[in-house]
1. Out of the residues in the stretch 29-50 that are outside any loop (DSSP other than H, G, I, E, B) and of a type in the set (Asp, Glu), state the one that is farthest from PRO70 (Cα to Cα).
2. Which of the residues that make up the stretch 51-61 are part of a helix (DSSP H, G or I) and charged (D, E, K, R)?
Amino acid sequence: MKMLYTFRRFLIVLLFLLLSLIVLESTKTLTLKEDHEAMAEAARRTDAAFKAIKAERLSRGHVLSLKDDPNQTGW
């Protein structure tokens with residue numbers, strides 16, 4: 001009897017958590033931050049800088065190892 005009661009309690013909690021997750025996922029909204037454009041521009045400039053560094057290092061004859069630089073940034 002006690003095991004059945006424990007199982008019912010567990011099932012109720014599980015259903016509550018599942019319904020909560022469904023409600024949260026269905027009502028969430030994605031909004032852009034105020035400085036989204038500035039952050040996007042900073043990311044583009046950083047990408048261009050890494051490409052320039054990589055090109056300069058390759059032009060000087062440095063060997064770029066995937067082991068040491070897995071993101072291939074040129075460092």
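Derivation of every value follows stated rules applied to the coordinates shown; laboratory data play no part. Note that the structure is predicted; figures quoted are calculated from it, not measured.
1. GLU37
2. LYS51, LYS54, GLU56, ARG57
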